[in-house]
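Novice: My questions all concern the structure below.
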Protein chains: 4
Amino acid sequence: MHEIGTTRLEAFSDGVFAIAATLLVLEIGVHTVGGAQLGHELRRIWPSYLAYVTSFITIGIIWINHHHNMRAIERADRTFLFINLLLLLDVAFIPFPTKLVAEYLRGSGEGAAVVAYAATLLLMAVLYTLWWRYARTGRRLIAPTVSEGDLRAIDRGFAPGLPLYAVVFVLAFFSPLAAVILTLVLAAFYLPSATLFAER
Amino acid sequence: MHEIGTTRLEAFSDGVFAIAATLLVLEIGVHTVGGAQLGHELRRIWPSYLAYVTSFITIGIIWINHHHNMRAIERADRTFLFINLLLLLDVAFIPFPTKLVAEYLRGSGEGAAVVAYAATLLLMAVLYTLWWRYARTGRRLIAPTVSEGDLRAIDRGFAPGLPLYAVVFVLAFFSPLAAVILTLVLAAFYLPSATLFAER
Amino acid sequence: MHEIGTTRLEAFSDGVFAIAATLLVLEIGVHTVGGAQLGHELRRIWPSYLAYVTSFITIGIIWINHHHNMRAIERADRTFLFINLLLLLDVAFIPFPTKLVAEYLRGSGEGAAVVAYAATLLLMAVLYTLWWRYARTGRRLIAPTVSEGDLRAIDRGFAPGLPLYAVVFVLAFFSPLAAVILTLVLAAFYLPSATLFAER
Amino acid sequence: MHEIGTTRLEAFSDGVFAIAATLLVLEIGVHTVGGAQLGHELRRIWPSYLAYVTSFITIGIIWINHHHNMRAIERADRTFLFINLLLLLDVAFIPFPTKLVAEYLRGSGEGAAVVAYAATLLLMAVLYTLWWRYARTGRRLIAPTVSEGDLRAIDRGFAPGLPLYAVVFVLAFFSPLAAVILTLVLAAFYLPSATLFAER
């Protein structure tokens with residue numbers, strides 16, 4: 001009973017991904033305004049919508065990639081469970097900096113808000129890379145049916161994530177809005193295709 | 001490993017549907033009142049109950065139809081996963097305009113609140129139709145065991161959704177209360193029977 | 001494809017039960033107090049703990065009974081799905097009157113708060129009884145392997161629920177605290193044994 | 001139909017563990033500050049991050065151990081379901097004292113906050129030990145394939161939990177910060193290895 005199957009690990013991870021994504025909506029709020037100003041207020045809070053869409057798609061893409069990679073992994077040990085728990089801890093934290101971005105973007109304080117956001121995503125990329133390297137090194141947790149070619153394909157899928165989120169983090173210090181938009185573009189266009197092109 | 005099975009897609013979608021529906025209750029609040037006025041306050045906030053019931057049943061019906069249609073789909077590709085993610089993004093957003101309806105209906109600002117609500121549901125209908133058209137066109141993702149008659153039956157189930165939510169959206173500009181009640185009626189009576197009659 | 005299996009129905013129901021129970025904790029709050037008064041404040045809000053425990057165990061027992069009864073049911077039709085959706089709508093609403101009880105019990109307004117709470121639970125008992133009667137009448141949705149004796153046993157398990165929640169509802173008008181305590185006692189002691197003794 | 005399989009018990013428990021962990025993030029908040037002070041405010045609230053990480057990892061470890069032990073259990077009876085429900089009730093309550101620790105640590109009131117936190121975790125350890133003792137005594141709910149050696153190994157895994165959380169509880173009265181840090185260290189390092197070394 002020393003090694004643990006991956007079914008429960010996936011169920012718990014699925015739950016955290018789905019809940020974290022769905023909680024994002026709670027962070028959107030309108031300031032109490034008279035009804036006559038509501039239409040204006042709903043347009044004024046566009047950074048909330050941008051932050052919501054960016055974080056939702058980012059969590060969705062992490063979730064898709066997490067499952068994709070779990071298909072190559074056939075068992076879990078104590079260290080892997082712990083790294084996975086840290087990864088989930090970071091993913092479940094995303095609604096907090098998302099709220100900061102929603103509230104402070106395009107105003108004073110947007111720098112600190114977006115740096116906190118980008119730091120959370122960079123840490124996610126670090127933990128996720130660690131998670132994969134741990135499972136993959138010496139085929140520690142890899143199913144025997146997975147070929148070396150498959151593993152290299154997943155490696156190529158991981159390659160862009162860490163440097164790209166490092167770029168987002170640096171960009172956050174110079175142009176917070178550009179950093180958020182780049183995050184959205186990465187989640188919507190680049191990272192999914194990187195993973196999937198790598199499979200060829 | 002290029003195409004992806006649908007089990008995880010359904011698990012993640014199930015999670016988002018169930019969580020979004022259950023989070024709706026958090027949007028109901030009473031203003032802090034002295035205890036003696038609580039009974040009065042609980043009757044005064046009837047728009048909150050109407051908004052809650054309307055959104056809960058709407059999400060429930062989308063969930064039932066999503067599963068019903070997934071039974072005809074045997075695989076997912078990258079584009080389909082992405083459209084599904086956008087659909088979930090919209091469903092998970094529903095608690096926000098629901099809160100607006102709960103707070104502003106029957107007061108100044110109800111127009112903006114219900115337009116935002118109807119726009120969210122119309123976008124949902126657009127994304128959901130796109131989701132089905134993508135899977136169905138040229139039987140791109142359809143299981144071979146599903147007959148053309150089954151597909152046309154599902155097509156007929158989809159047919160009313162988009163025009164009906166367009167009507168709700170237009171109505172929201174003229175009579176916000178009527179638009180909310182029509183949304184409830186659609187979810188409770190029309191859309192389920194449309195889908196299921198279509199199966200004959 | 002006219003009738004629908006029960007697996008997805010159970011998955012969605014499980015999700016709503018688990019989320020509604022876990023959201024209850026969000027309703028507990030301390031008024032902002034100076035740190036020196038925190039210990040006193042944490043004792044003063046005992047009605048919040050009572051309301052939390054009562055609602056959590058009640059939802060847990062409904063969940064256990066829901067599963068127990070689903071084992072006799074082999075399929076779902078449109079009406080059954082809709083009744084189940086209304087039942088979940090009511091269960092997911094429980095956190096709202098729970099918050100009212102937490103805030104108003106032992107103060108002015110406790111009557112309205114507990115009446116709202118008891119009404120929600122009484123409606124739940126009505127919907128749940130309807131749910132079972134619909135599936136059971138003429139063995140409409142019952143698996144052929146389930147004996148008439150099994151069905152009568154489940155009937156006996158259902159028998160006490162509706163009258164007992166009616167008693168709680170009436171009691172709420174006279175003694176709100178007693179009504180909450182009776183609800184807790186029912187969930188913790190009576191209803192589980194009624195269901196399970198009935199199986200003999 | 002008197003005894004109940006464990007699949008649904010695990011699904012409901014999984015849901016509550018995952019949701020309770022993910023809700024923790026909602027307890028983190030910044031006081032409304034001018035944007036210029038946001039960076040300072042985000043550093044000032046480090047107790048929120050400490051409380052979040054401690055509770056998330058603690059719930060994650062309970063979840064891992066819960067599953068590990070469920071593998072030895074093949075059925076559930078009414079009493080076991082009820083003890084499990086009380087355990088989940090306590091786990092789902094963790095976000096509340098976590099919020100207290102986040103708000104009051106390093107200020108006046110930290111004593112009451114951390115005592116409430118430690119009391120919740122101690123009660124969790126009591127209920128969890130009771131849960132295992134009930135299932136294990138006389139092999140009441142144990143699968144026949146599980147050896148006595150396996151049971152003793154799980155016993156050894158349980159042994160440290162209760163005394164360690166008692167130590168945390170006592171420490172909370174003298175040094176709240178040390179009590180929180182000890183809780184984090186236990187979850188991150190000691191309890192997982194105790195469980196897993198015990199398997200040898």
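The values are calculated or read from the model by the stated rules, or taken from the named source; none is laboratory data. Treat the numbers as computed from the prediction; the structure is a model and nothing was measured. Reconstructed Cβ throughout: ideal geometry from the backbone, glycine too, with neighbour counts over all protein chains shown. Ligands, DNA and RNA are excluded from the accessible area calculation, which covers all protein heavy atoms including side chains. Shrake-Rupley method; radii C 1.70, N 1.55, O 1.52, S 1.80 Å.
Quick grid of which residues meet (1) at pLDDT below 95; (2) in contact with a strand residue (DSSP E or B) (Cβ under 9 Å, 6 or more places away or on another chain):
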site: A:60; (1), (2): yes, no
site: A:64; (1), (2): yes, yes
site: A:68; (1), (2): yes, yes
site: A:95; (1), (2): no, no
site: A:100; (1), (2): no, no
site: A:103; (1), (2): yes, no
site: A:107; (1), (2): yes, no
site: A:122; (1), (2): no, no
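Novice: Among the numbered criteria (1) crowded, with 16+ Cβ neighbours inside 10 Å; (2) under 30 Å from residue D:30 (Cα atoms), which one does residue D:107 miss?
Specialist: In the conditions (1) crowded, with 16+ Cβ neighbours inside 10 Å; (2) under 30 Å from residue D:30 (Cα atoms), residue D:107 misses (1) alone.
Novice: Only one of B:25, B:33, B:101 is surrounded by 19 or more Cβ atoms within 10 Å (Cβ to Cβ), β-branched (Val, Ile, Thr) and in contact with an Asp or Glu (Cβ under 9 Å, 6 or more places away or on another chain); which?
Specialist: Criteria check complete, one pass: B:101.
Novice: A further question follows. Hey, any hits in region C:124-138 for a residue that's open to solvent by less than 10 Å² (accessible area, probe 1.4 Å) and within 13 Å of another protein chain (Cβ to nearest Cβ)?
Specialist: no
Novice: Hey, another quick one. Just give me the residues in region D:150-171 being of a type outside the set (A, V, I, L, M), under 18 Å from the mean Cα position of the chain (by Cα) and buried (at least 16 other Cβ atoms within 10 Å of the Cβ), in sequence order.
Specialist: Matches in region D:150-171: D:157, D:158, D:160, D:161, D:165, D:169.
Novice: If I ask for residues that are modelled with pLDDT under 85 and farther than 30 Å from residue A:12 by Cβ, which ones from region D:1-42 would you list?
Specialist: If the condition is that a residue be modelled with pLDDT under 85 and farther than 30 Å from residue A:12 by Cβ, then D:2, D:31, D:32, D:33, D:34, D:35, D:36 are the ones that fit.
Novice: A follow-up question, please. Across region C:70-84, which residue is farthest from residue B:20 (Cα to Cα) among those that are open to solvent by less than 10 Å² (accessible area, probe 1.4 Å) and assigned to a helix (DSSP H, G or I)?
Specialist: Selected residue: C:70.
Novice: Consider only pairs whose beta carbons are under 9 Å apart and that are at least six residues apart or on different chains; among these, list those whose first residue lies in region A:160-180 and is within 14 Å of residue A:109 (Cα to Cα) and whose second residue is assigned to a helix (DSSP H, G or I) and of a type in the set (Asp, Glu).
Specialist: A:176/A:110; A:177/A:110
Novice: Now, a different point. Inspect region D:84-94 for any residue being within 14 Å of residue C:64 (Cα to Cα), in contact with a Gly (Cβ under 9 Å, 6 or more places away or on another chain) and free of Cβ contacts under 8 Å to residues at least 40 places away in the same chain and give the result as yes or no.
Specialist: The answer is yes, given that some residue of region D:84-94 is within 14 Å of residue C:64 (Cα to Cα), in contact with a Gly (Cβ under 9 Å, 6 or more places away or on another chain) and free of Cβ contacts under 8 Å to residues at least 40 places away in the same chain.
Novice: Here's another thing I want to ask about it. If you scan region A:98-118, which residues turn out to be in a helix (DSSP H, G or I) and facing chain D (nearest Cβ under 9 Å)?
Specialist: A:99, A:100, A:103, A:104, A:110, A:111, A:112, A:113, A:115, A:116
Novice: Can you tell me which residue within region B:51-69, out of those that are more than 9 Å from chain C (Cβ to nearest Cβ) and farther than 23 Å from residue C:103 by Cβ, is surrounded by the fewest Cβ atoms within 10 Å (Cβ to Cβ)?
Specialist: B:69
Novice: Please go through region B:83-97 and give me each residue that is at the interface with another protein chain (Cβ under 7 Å from one of its Cβ atoms) and more than 13 Å from residue B:12 (Cβ to Cβ), ordered by number.
Specialist: The answer is B:93, B:95, B:96.
Novice: Which numbered condition in (1) closer than 21 Å to residue A:182 by Cα; (2) open to solvent by less than 10 Å² (accessible area, probe 1.4 Å) is the only one that residue A:38 fails?
Specialist: Condition (1) is where residue A:38 drops out.
Novice: Condition (residue is without any contact (Cβ under 8 Å) to a residue 24 or more places away in the chain and more than 10 Å from chain D (Cβ to nearest Cβ)) applied to region C:22-30: is it met by at least one residue?
Specialist: No, that holds for no residue.
Novice: Right, something else. Report whether or not residue C:43 is part of a helix (DSSP H, G or I), farther than 20 Å from residue D:92 by Cβ, in contact with an Asp or Glu (Cβ under 8 Å, 6 or more places away or on another chain) and open to solvent by 20 Å² or more (accessible area, probe 1.4 Å).
Specialist: So residue C:43 does not fit the description; no.
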